[in-house]
Each structure stands twice: as structure tokens, then as C-alpha cells.
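Take a look at the structure set out below.
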Amino acid sequence: MNVDLNFLYGGAVLAGTASALLYSRKKRWVDAALALAAGASLAILLAAPAAPAGGAQPIVLATAGGSPAAPDDRLAAALAQFPSALRDTPVEVQGQGLHEAQWRDMPIRPIQWKPAQNGLLWLDFPRSLPLGRNFALTVRRDAPQAGWRLQLLAENGQVLAESRAAAAADTLTVQWQPPLAESMVLQARLLDKDGKTAAQGPVPLRVLDAVPLQVQGRFGAPSFDARVLNQLLTDSNAIVDWQTTLGKSLARNEEARAPLTHPNILVADAAWLERGGLRGALAQVAQGLPLLVLGGNADDAALWQRGTGLKLSAQSATTEQEDARRLAFAGATLDFAPGAQVPTAGGAWQPVARDKDGKPWLWQRDWQKGRILWLGVRDWHRHAISEPAALGQWWQQVIDFAALGSEQKLRWLDADPMPLPGLRTEICAQGVATGGAVTVGQEALHWQARSERADSACAALWPRAAGWLPLRSGQAESAVYVYAAQDWPAWQAALRHDATARYASRSAQPVAGLGAVDPAPLRTGEPPPWAIAVPRWMPGLAFVLCMLLLWWRERR
């Protein structure tokens, strides 16, 4: 219940004044003075600043010296008495605070904290990735610096990749492509402008065997572009069902090496779709299969307008060079010629990818349960020999935009950025049943639902030592890396800084209920200027004495 403080002050003063006037009419001057004193005491009692319960001072949480494995003894003792005695006692945080798991174990209470960002680091990288993908590590510092370097080191100390800040920058990224599917612990090293090591620590990575992509390919005419695409897909171990029309009644079929049980994408050139394949392709799209249209040889603009609502306009021969799309991949720039027909964005069709000059080269629209994508460039085969790595990365991006994900019953999630020994860590996964079994190391646990993760389930554990910790749920296996307590102190401080900031934002909100103890009524308004900063027991005692004297005089 919200009560205006000014209303309470006015009511107390008005009640005391009215009682004093009534006593004055009967010439009972002592009683009038007592009534006036009682009203004033009650007003002062309401206006006096509230002190923590029992006059307690703020609970000091000193974390400036490093990351605490658990709250200190004073804080633990105070929490043991919560909420009956210390629910209003604030916590004064010195340093970066606690980890997210530790803050979640604390009740919501006021917090006094002056955030400071000195020497903090944030690391961002995937914990696992399929073989053939590039591994990217991004390091962000709390302040821009010039000339610093970021190195990615192998387990034997060999430099795998390096990035240097030419000007003042706070973020650097290195990329590296793992050659084998294995679990490894790389090292990241930060060097200042003088070449001295500023920070170094482990970077765990699990490289997994990629689930083969299942692709249906339909082409109305042979082309060098289709041949290069076929080679790229085959080299990536994709399962390809490829059909190319060579003539009016002649076609070349490349049967898939395994059944396509869950096709990820249908790739077709505009010529095959214009010659009667569009209706069947749209029926597949309606069931959820994405369609990637290679629009380089599109010719029938009216068909696309009627069938899919896509407006096409003929590419001008005089501006073809100016309209080329230029994309940067793997340190190289790929120049692609635009298609013969250029899409116009509007309606359901919208561009989803642009080149470095802002010109779109990939368009998309939803179609019932699936979607249609239009690739508006051609002649990529010219880069197959000169820039094979860049071309492969570009097509990987196209596939990522267009294809469905692999059909997997269980998907492990990276719930905790930095598990530590002795600190509660959560293992989460999608596609698991609540109550199902999961094995973490040698410990058997069960999946539990989490309100903040409606689409997944989690299990909590307390790691005992650093290193790889194997996970198993049914037939699915994974592993999580537990860092040592001394690893990445600047990153640990940054994680604790962010967790403390989140706790501070939560503690600033009203708390809805405190278990068995009824919350105190919320009061709004500011104390009046005449409010006296005195212990609240003094005006309370004066009010009680005045009322007792009035009662005694009335009885006498």
C-alpha cells in the first residue's frame, strides 16, 4: 500500500492542533500542551529517517583483492538472519563484487557500489564449432590503447594467428581454421605496444565433426558457376542430389551418396524454375524447405512477379561495372557481376545481405512454413582458382543465411562463460526432458526446468578441479572446460563487474514479497525540511509519554 508521507505529517499535526484547541476552550492548558506535544512527536517520528534494523551499519563485502570463492564470514552471518532482522540492511560492495551464481544466492537488498573499470577484459569465442569453420576470438578492453596485439597460440606455444591495433582501439579479433576435429586448450596472449605480455590465459575449444549438409540441386543449364558450387559442396562432405539439364530431353543426374532424410536446402537456378520447376519447388517451400534461387540467368520477370511477388528489372549493360558487388573475405576482395535481372525490394521481399558499399546481393521472403532467397550475383567461378579460401567462406555465409540447421535431438548450450572450481555452474541443453538423466564427470544428475530458459533444461554442479569435464545425456556427449582459479584474473573481474551491475539494477526495483515475513508498506514522498535526524525511539517515547499523561489526567 502506497501512503503519501505529506498526508501523514499533516494528519499528525492537524490531530494534535485540533485536540489542543478543544482543551483550550475548557481552559485546560496543561492538557492542551500535552496534546500539541503528542502531535508534534508523532510528526517527527514519521519524518525521522529510517535507520537499518537494529541500527546496523552496512554489510561490507570487500572483493577488491580478487575473486572471492564465497561471501565473507560477516556477510554469511548476516544472511543467516535474513529476512527477520536484516532485510533493510544495505550491502556495501568494495571492488568488483561477486560472480553471477553468488549474487543469485543472495536475497534482493539495497546495495552501495561505485563501479570502477580498471584493467578489465572481456573474451568472446565459441566453445565448440564444426570442422571447416573459422574460429574467431574477440578481446575487448575497458579503454582504447594503441599498438597492442592479440595472439592465438597453439598448445605447444606456436603462434597460430595475430592481430594488431594500428590506432587506439579497445577490441581486437583473431581468426584461425582448425585442421582436425579434437578437443584442445589454446592460449590467448595480449601484448602491449612495447611487446610485453599484458595478459595470457587458456582458450578451450572443441572441434566437432560436421554433420553433412543435405542439398538438392536443380539446374536448367550447365554453367561454370554450378560446377564450382558442386565442387565446394562435395569438398565439404555434403550429401548432394544434383540434376542438370543438358538439352531438351537430356539431363545429367548425380545421385546422392546417402539418402536425403532431412534436406537442408533446395538450390535451383532461375532457368530451371522458369521452365516448369517453380510450382513443385514452391510446394516444397510451403512444407518448410528453404529455396535458394541463383538468379544470374533469370529471364521471365512476369513469372516471378505472378508466382512470388518479386519485381525484377533488367540490368543495364552500361552500368554493369558500377553495379558490381564487392565483398571482403579472408583478406581478399571478391568482385561479383550482378544478375541479368535485378530485384527491387518491396512488399514481402527484403534484402538480407549487402556488400561493403551497401549494395544488396541477397534478398529473402517468407513463404508459408519456409522461405525463398534470391542470390543476385553471378560469375563467382572466376575466383575459384585465384581466391579459393575467400570464395569458400563467402559460400559458407550464403549457406548459413539460407539452409536449415541440421536435425539434432539434443543441443548443448554454453550457459556459463567461465566455470570455476567450487563455484556453482549450470549445464544446459535443448531437446531434453525435465527429469531426464545427465552424467557430469562421474556424477549422475537430472535435468531441471529454469524459468529464464523456457526452451531448455539445466543441471547445477560444483566443479572440484580445473580441466575438461565430460558430459553425457542419453547417446549425446559433450564436455565443459573448468578454468583454474588463477586463470584470466582481468576477465574474472569483468564478469563479476557485470554480475554486480545486474544485481544492482535488480535491487533498485521493489521486491514483491519476502517469504514468510510481510513486506513493510512502501512510502512515497520526501521528508519535510523540518524533519529532525534523531533516533526514532526518542519521538516515539515522547509520544507515548504524552498520551499516557493525558490518559492519567482524564482518569483523575
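Below, the figures for the structure above:
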item: Residue in the range 219-239 that is among the aliphatic types (A, V, I, L, M), open to solvent by 70 Å² or more (accessible area, probe 1.4 Å) and farther than 24 Å from VAL377 by Cβ present; result: no
item: Residue in the range 192-202 that is surrounded by 14 or more Cβ atoms within 10 Å (Cβ to Cβ), farther than 21 Å from ASP487 by Cα and within 32 Å of the chain's Cα centre (by Cα) present; result: no
item: Every residue from the range 315-339 that is open to solvent by 20 Å² or more (accessible area, probe 1.4 Å) and hydrophobic (A, V, I, L, M, F, W, C); result: ALA317, ALA328, PHE329, ALA330
item: Residue identified as surrounded by fewer than 12 Cβ atoms within 10 Å (Cβ to Cβ) and in a strand (DSSP E or B) among ALA143, ALA136; result: ALA143
item: Listing of helices (runs of 4 or more DSSP H) fully contained in the range 29-126 that carry 2 or more residues being modelled with pLDDT of 80 or more; result: 29-47, 100-104
item: Flag for GLY392 being more than 27 Å from LEU312 (Cα to Cα), open to solvent by less than 50 Å² (accessible area, probe 1.4 Å) and either touching a Lys or Arg at 6+ places or on another chain (Cβ under 9 Å) or not charged (D, E, K, R) (or both); result: yes
item: Any pair with Cβ under 7 angstrom, 6 or more apart, that starts in the range 94-106 at a residue that is more than 11 Å from ALA501 (Cβ to Cβ) and ends at one that is charged (D, E, K, R) and open to solvent by less than 30 Å² (accessible area, probe 1.4 Å); result: LEU98/ARG496; HIS99/ARG496
item: Single condition ARG382 does not satisfy, out of (1) without any contact (Cβ under 8 Å) to a residue 60 or more places away in the chain; (2) surrounded by 13 or more Cβ atoms within 10 Å (Cβ to Cβ); (3) assigned to a helix (DSSP H, G or I); (4) under 31 Å from the mean Cα position of the chain (by Cα); result: (4)
item: Residue check, ARG275 surrounded by fewer than 17 Cβ atoms within 10 Å (Cβ to Cβ), touching a residue at least 40 places away in the same chain (Cβ under 8 Å) and either aromatic (Phe, Trp, Tyr) or assigned to a helix (DSSP H, G or I) (or both); result: yes
item: Test result for GLN350, polar (S, T, N, Q) and free of Cβ contacts under 8 Å to residues at least 40 places away in the same chain; result: yes
item: Members of the range 292-314 that are open to solvent by 40 Å² or more (accessible area, probe 1.4 Å) and either of a type in the set (S, T, N, Q) or touching an Asp or Glu at 6+ places or on another chain (Cβ under 9 Å) (or both); result: ASN297, ASP299, ASP300, GLN305, SER313
item: Residues within the range 475-493 that are assigned to a loop (DSSP other than H, G, I, E, B) and surrounded by 14 or more Cβ atoms within 10 Å (Cβ to Cβ), tallied; result: 4
item: Filtered residues of the range 434-468 (kept if open to solvent by 70 Å² or more (accessible area, probe 1.4 Å), part of a loop (DSSP other than H, G, I, E, B) and not basic (Lys, Arg)); result: THR434, GLN442, SER451, GLU452, TRP462
item: Lone qualifier among GLU92, GLU162 - being touching a Pro at 6+ places or on another chain (Cβ under 8 Å), farther than 30 Å from ARG411 by Cβ, open to solvent by 40 Å² or more (accessible area, probe 1.4 Å) and among the acidic types (Asp, Glu); result: GLU92
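So that you can scan it fast, the table gives a plain yes or no per residue for (1) in a strand (DSSP E or B); (2) out of contact with any helix residue (DSSP H, G or I) (no Cβ under 8 Å at 6 or more places or on another chain); (3) β-branched (Val, Ile, Thr):
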residue	(1), (2), (3)
LEU312	yes, no, no
VAL352	yes, no, yes
LEU362	yes, no, no
LEU391	no, no, no
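Matching residues to (1) closer than 30 Å to GLU452 by Cα; (2) among the small types (Gly, Ala, Ser); (3) touching a strand residue (DSSP E or B) at 6+ places or on another chain (Cβ under 8 Å):
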site	(1), (2), (3)
ARG109	yes, no, yes
LEU120	yes, no, yes
ALA143	no, yes, yes
ALA146	no, yes, yes
GLN151	no, no, yes
VAL203	yes, no, yes
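The values are calculated or read from the model by the stated rules, or taken from the named source; none is laboratory data. Being a predicted model, the structure only gives us computed values, none of them experimental. A quick note on method: Cβ atoms are made from the backbone with ideal geometry, for glycine too, and the neighbour counts reach across all protein chains shown. Remember, those area values only see protein heavy atoms, side chains included, never the ligands or the DNA or RNA. Shrake-Rupley method; radii C 1.70, N 1.55, O 1.52, S 1.80 Å.
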